[in-house]
Amino acid sequence: MELTWLVLCNRSLFSARLMFSISVSRLVPTCRGRHVSKFLSSHRLCCQSFSSTTNTLQLPSDGFANDNRNDNIDFLFHSCTNVHHAKQLHAYLVVLGKSQNIFLAAKLVNRYAYLGDLSFSRRTFDSIPRKDVYTWNSMVSAYVRSGRFREALDCFSQFSLTSDLHPDFYTFPPVLKACENLVDGKKIHCRVLKLGFEWDVFVAASLIHMYSRFGFIYVARKLFDDMPIRDTGSWNAMISGFCQNANAADALDVLVEMRMEGIKMDRVTVASLLTACAQSNDISSGRLIHLYVIKHGLDFDLFVCNALINMYSKFGSLGHARRVFDQMEVRDLVSWNSIVAAYEQNNDPITALELFNAMQLRGIQPDFLTLVSLASILAQLSDSEKSKSVHGFILRRDWFVEDVVIGNAVVDMYAKLGAIDSARTVFEGLPTKDAVSWNTLITGYAQNGHASEAIEVYRMMQQCKEIIPNHGTWVSILPAYTHVGALQQGMKVHGRVIKNRVYSDVFVGTCLIDMYGKCGRLDDALCLFSQVPRKSSVPWNALISCHGVHGHGEKALQLFNDMLDEGVKPDHVTFVSLMAACSHSGLVNEGQSFFHTMQEQYGIKPSLKHYGCMVDLLGRAGHLNKAYSFIENMSVRPDASVWGALLGACRIHGNVEMGKIASERLFEVDSENVGYYVLLSNIYANFGKWEGVEKVRSLARNRGLTKTPGWSSIEVNNNVDVFYTANQSHPKCEEIYEKLRDLTARMKSLGYIPDLSFVLQDVEDDEKEHILNSHSERLAIAFGIISTAPKTPIRIFKNLRVCGDCHNATKFISVITEREIIHNSWSPDTIREETWQRRKSISGTRRLVRSKSVSDDDLEELKACIELGFGFDLPDVDRKLSDTLPALEFYHDVNKQCSKSLLTDGGDAEEMKTRLRQWAKLVACSVRESSSSSI
């Protein structure tokens with residue numbers, strides 16, 4: 001080993017520091033054998049270079065003999081950049097016999113903790129025989145800096161119980177930060193009061209932070225108001241506390257008070273206020289603070305620039321965020337993480353990935369927060385291969401142990417990629433799980449169509465007593481209950497929301513609105529809507545969507561007008577909901593108008609969802625050629641949702657040729673979705689082209705695709721029962737089929753004729769009728785009837801579209817059993833009042849009848865008779881609009897002889913049936929023509 005410094009006798013401080021550092025790093029790797037002897041001899045020579053009167057370093061217990069030696073040791077401490085160097089220095093102090101020195105030992109405790117080795121830090125601390133307050137404070141702070149809060153509190157308790165010393169005002173700030181619950185915080189607060197440190201500015205600021213962290217912001221405000229002296233840190237603590245509790249308005253009020261007292265904002269104040277501006281969506285104040293930053297020369301401060309990037313990204317102002325980033329003279333890892341997250345959170349994953357690559361090229365090593373953003377980026381890009389690489393990178397660094405946030409991000413990544421099994425595997429392997437972990441998995445299952453699994457995970461979460469559900473939990477589980485129609489379970493969640501006083505949260509409230517609306521309880525949805533904040537478009541979008549899916553298109557349009565009247569700006573989701581509502585209600589002109597208004601008036605660029613809605617709107621109305629032409633003229637490449645909408649319209653209107661074209665283009669962009677093969681197969685089957693059916697089915701089988709089985713669910717006595725077609729495994733199977741046979745017989749006596757065209761199999765008619773009677777929705781309805789009290793509403797949810805025959809049968813059953821039946825997205829009004837064609841608005845009939853001077857009472861009778869006329873095989877006959885009035889007069893004639901009760905109870909059924917068929921032909925034809933003319 002080279003010891004070149006031994007021949008140098010330069011007594012300058014610089015040479016001594018440099019060579020002494022080299023000697024320590026080279027000669028004390030193990031402190032054993034010949035290395036020790038060489039080190040000691042070298043040490044003697046080195047010491048001679050410092051003093052001519054001694055051959056050893058003289059280190060008195062209260063410090064060093066002279067400033068040079070003190071500087072040398074300080075230099076060595078600062079030169080320890082890893083644990084290995086710290087151990088070498090520690091060994092050197094042991095050799096000197098100075099490792100028991102309180103001052104040096106405390107520095108070692110801090111150095112080990114700073115370098116991440118808490119075990120050596122604690123061992124060093126335990127080896128000190130007589131500890132002072134500074135030493136105890138050092139150990140407590142070491143635990144807190146490393147995030148080991150429980151050990152910090154235990155160390156503080158040991159300090160209080162085993163020593164004769166008393167904590168000082170340096171003790172309490174880290175201890176208060178370590179408090180993981182309010183009870184511990186209050187205990188520490190009592191100690192503060194007992195020792196008289198409550199008005200120390202550092203301790204008071206720490207108390208403000210502690211109470212703010214646990215949501216007791218007004219306790220924090222009282223402490224702040226009672227402080228006799230406030231420094232900038234105290235003001236920052238109060239502003240930060242309001243920001244943490246999403247109370248941006250009060251944070252800005254504190255700023256006003258601060259300025260009135262002549263306290264200038266520093267970098268911490270600015271960063272907190274920028275967060276407050278982002279929370280309150282107050283971009284004007286944010287820009288004014290940015291102006292203050294420039295005026296006072298803080299625009300090159302690293303901390304402030306990072307906060308500006310975060311603020312502008314929250315506003316979606318990526319251009320401003322990028323400009324701040326580009327103008328930074330110095331960038332750290334936080335800067336790169338902030339700009340990458342900005343693009344990732346604003347749905348620009350391509351740019352975000354480019355920035356991540358640029359970060360790597362500059363040699364910036366990612367941390368786990370970088371990987372959190374990267375996981376989301378790759379999920380947005382649907383890049384499964386790179387996602388696995390990210391997972392492997394995290395595993396190699398054992399970051400799952402380091403922070404639960406990175407584990408949650410990987411679970412979310414796999415869930416968004418559709419790899420829900422992988423998400424579950426990662427979740428189960430997490431060393432620690434918090435509420436966000438459970439919420440992420442629940443959301444993953446719900447968004448991937450596995451509502452039952454989401455509900456099961458929620459039940460498992462409830463069994464973990466240490467996990468407390470939060471806002472995110474309710475937002476995660478309510479869509480799952482909505483999907484399976486578990487209204488009673490959803491109402492229980494609503495009760496917990498009220499109990500926890502979070503019913504005014506806009507996202508929780510919106511999920512409740514969506515649940516009640518989708519389950520057919522539109523009145524309850526409207527009632528909830530009046531109770532949630534309506535300053536954003538989120539609750540409006542939910543309510544518009546609920547009315548749209550139930551066929552209440554005109555009500556959806558009225559809600560949109562009310563939204564504009566209240567000054568709420570619509571977003572891209574608003575127009576998706578509006579156009580979908582128009583599509584379900586046959587409002588073609590209105591839907592097209594919204595598509596243009598969105599672009600011209602609100603500057604919203606159409607996304608593929610908007611294009612898909614337009615194709616669905618035109619296709620449902622029978623304008624297939626227009627829909628195809630619209631697709632051909634799109635400014636972006638159509639995806640599967642666009643071609644799928646056209647294929648679905650071809651299925652409705654039986655256009656085989658257009659269906660072939662749509663399916664060919666569809667399979668080019670998405671050949672793995674079995675639903676599209678089923679649609680094309682059904683188009684062939686409707687026309688009896690069984691060769692085409694077999695060809696499509698073979699194509700799907702060759703690609704390893706299997707059809708998603710249809711199921712229907714019903715909630716009875718707080719349990720959700722799921723039925724599949726021809727289900728034979730239910731405990732009440734025999735009772736269910738017996739009830740169905742009885743219902744079918746009674747329906748046929750009222751004129752029900754099974755529509756065998758909805759059985760898309762090449763079998764005999766008797767077998768087709770048996771298949772219809774075994775559909776999952778009928779099994780669920782029958783189970784609901786035998787399991788609930790008479791006249792109780794029944795809510796059925798199905799994962800696939802309800803066939804037309806089951807729709808008609810449901811209306812017959814509703815009349816026979818005198819029950820409201822809400823089926824999938826059908827409301828009570830839809831089931832009981834819908835005409836022969838749901839998509840045609842009854843408003844066309846209303847306008848027609850009123851034009852003939854018919855009263856509202858007559859109109860209601862007409863609507864009631866229409867409901868009795870459904871289910872008949874109505875021929876497509878040519879009638880004029882004037883036929884509506886004779887049909888109404890014919891109805892009055894029929895009404896004199898029979899009533900709705902006679903129809904259900906018996907009477908001369910054959911005569912009634914014959915006359916009602918004649919009447920229905922007249923009315924249905926007129927309704928058809930009037931509706932077509934209105935569209």
#### Entry: Selection count, segment 328-386, where residues are closer than 20 Å to residue 397 by Cβ, in contact (Cβ under 8 Å) with a residue 24 or more places away in the chain and among the aromatic types (Phe, Trp, Tyr)
2
### Query
Quick check: anything in segment 745-762 touching a Phe, Trp or Tyr at 6+ places or on another chain (Cβ under 8 Å) and hydroxyl-bearing (Ser, Thr, Tyr)?
yes
### Query
What number of residues within segment 110-148 are free of Cβ contacts under 8 Å to residues at least 12 places away in the same chain, more than 40 Å from the chain's Cα centre (by Cα) and in a loop (DSSP other than H, G, I, E, B)?
0
### Query
Can you tell me how many residues in segment 622-667 are under 22 Å from residue 585 (Cβ atoms), crowded, with 21+ Cβ neighbours inside 10 Å and hydrophobic (A, V, I, L, M, F, W, C)?
9
### Query
residue 567 fails exactly one of the following numbered conditions: (1) without any contact (Cβ under 8 Å) to a residue 24 or more places away in the chain; (2) assigned to a helix (DSSP H, G or I). What is the number of that condition?
(2)
### Query
Any residue at all in segment 236-245 that is out of contact with any Gly (no Cβ under 6 Å at 6 or more places or on another chain), among the aromatic types (Phe, Trp, Tyr) and farther than 26 Å from residue 220 by Cβ?
no
### Summary
With criteria (1) more than 30 Å from residue 667 (Cα to Cα); (2) surrounded by fewer than 22 Cβ atoms within 10 Å (Cβ to Cβ); (3) of a type outside the set (Gly, Ala, Ser), residue 595 comes up short on (1)
### Query
Which of (1) open to solvent by 30 Å² or more (accessible area, probe 1.4 Å); (2) touching a His at 6+ places or on another chain (Cβ under 7 Å) is the odd one out, the single condition residue 310 does not satisfy?
(2)
### Query
Within segment 330-341, can one find any residue that is part of a loop (DSSP other than H, G, I, E, B), of a type in the set (Val, Ile, Thr) and open to solvent by 50 Å² or more (accessible area, probe 1.4 Å)?
yes
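Here's a check for you: in segment 794-817, which residue that is in a loop (DSSP other than H, G, I, E, B) and in contact (Cβ under 8 Å) with a residue 60 or more places away in the chain is least open to solvent (accessible area, probe 1.4 Å)?
Of the residues in segment 794-817, the ones in a loop (DSSP other than H, G, I, E, B) are 799-803.
Next cut, in contact (Cβ under 8 Å) with a residue 60 or more places away in the chain only: 799-800.
Details: 799: 45, 800: 64 Å².
Here the answer is 799.
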### Query
Can you tell me which residues in segment 529-570 are more than 15 Å from residue 591 (Cβ to Cβ), touching a Gly at 6+ places or on another chain (Cβ under 6 Å) and modelled with pLDDT of 90 or more?
546
#### Entry: Test set (1) closer than 22 Å to residue 166 by Cα; (2) surrounded by fewer than 23 Cβ atoms within 10 Å (Cβ to Cβ); (3) not basic (Lys, Arg) - residue 118 fails condition number
(1)
### Summary
Scanning segment 464-492 residue by residue, the ones that are under 21 Å from residue 428 (Cα atoms) and either among the hydroxyl-bearing types (Ser, Thr, Tyr) or assigned to a loop (DSSP other than H, G, I, E, B) (or both) total 9
### Summary
residue 257 vs (1) crowded, with 16+ Cβ neighbours inside 10 Å; (2) assigned to a helix (DSSP H, G or I): all pass except (1)
### Of all residues in segment 760-790 being modelled with pLDDT of 85 or more and part of a loop (DSSP other than H, G, I, E, B), the one that is surrounded by the most Cβ atoms within 10 Å (Cβ to Cβ)
775
### Query
What are the residues in segment 476-509 that are under 24 Å from residue 717 (Cα atoms), surrounded by fewer than 19 Cβ atoms within 10 Å (Cβ to Cβ) and β-branched (Val, Ile, Thr), if any?
498
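When residues of segment 510-549 are filtered for being assigned to a loop (DSSP other than H, G, I, E, B), open to solvent by less than 20 Å² (accessible area, probe 1.4 Å) and over 19 Å from residue 572 (Cβ atoms), how many remain? Full working, then the answer.
Quick first cut of segment 510-549, residues assigned to a loop (DSSP other than H, G, I, E, B) only: 519-521, 530-537.
Imposing the further condition that a residue be open to solvent by less than 20 Å² (accessible area, probe 1.4 Å) reduces the set to 519-520, 532, 537.
Next, only the ones that are over 19 Å from residue 572 (Cβ atoms) stay: 519-520, 532.
Qualifying residue count, segment 510-549: 3.
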### Task
Could you check residue 432 against (1) within 17 Å of residue 407 (Cβ to Cβ); (2) open to solvent by 30 Å² or more (accessible area, probe 1.4 Å); (3) polar (S, T, N, Q); (4) not in a loop (DSSP other than H, G, I, E, B) and say which number it fails?
(4)
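Matching residues to (1) among the hydrophobic types (A, V, I, L, M, F, W, C); (2) open to solvent by less than 50 Å² (accessible area, probe 1.4 Å); (3) touching a Pro at 6+ places or on another chain (Cβ under 7 Å):
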site: 173; (1), (2), (3): no, yes, no
site: 179; (1), (2), (3): yes, yes, no
site: 184; (1), (2), (3): no, yes, no
site: 189; (1), (2), (3): no, yes, no
site: 194; (1), (2), (3): no, no, no
site: 205; (1), (2), (3): yes, yes, no
site: 215; (1), (2), (3): no, yes, no
site: 227; (1), (2), (3): yes, yes, no
### Out of 392, 407, sole residue that is outside the structural domain of residue 715 (by the TED database) and in contact with a Leu (Cβ under 6 Å, 6 or more places away or on another chain)
407
#### Entry: Search result, residues across segment 386-416 that are more than 16 Å from residue 440 (Cα to Cα) and of a type in the set (D, E, K, R)
386, 388, 396, 397, 398, 402
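The values are calculated or read from the model by the stated rules, or taken from the named source; none is laboratory data. Predicted model only: the values in this text are computed from it and were never measured. Ideal geometry is used to build each Cβ from the backbone, glycine not excepted, and the neighbour counts take in all protein chains shown. Keep in mind that these areas ignore ligands, DNA and RNA; they rest on the heavy atoms of the full protein, side chains included. Shrake-Rupley method; radii C 1.70, N 1.55, O 1.52, S 1.80 Å.
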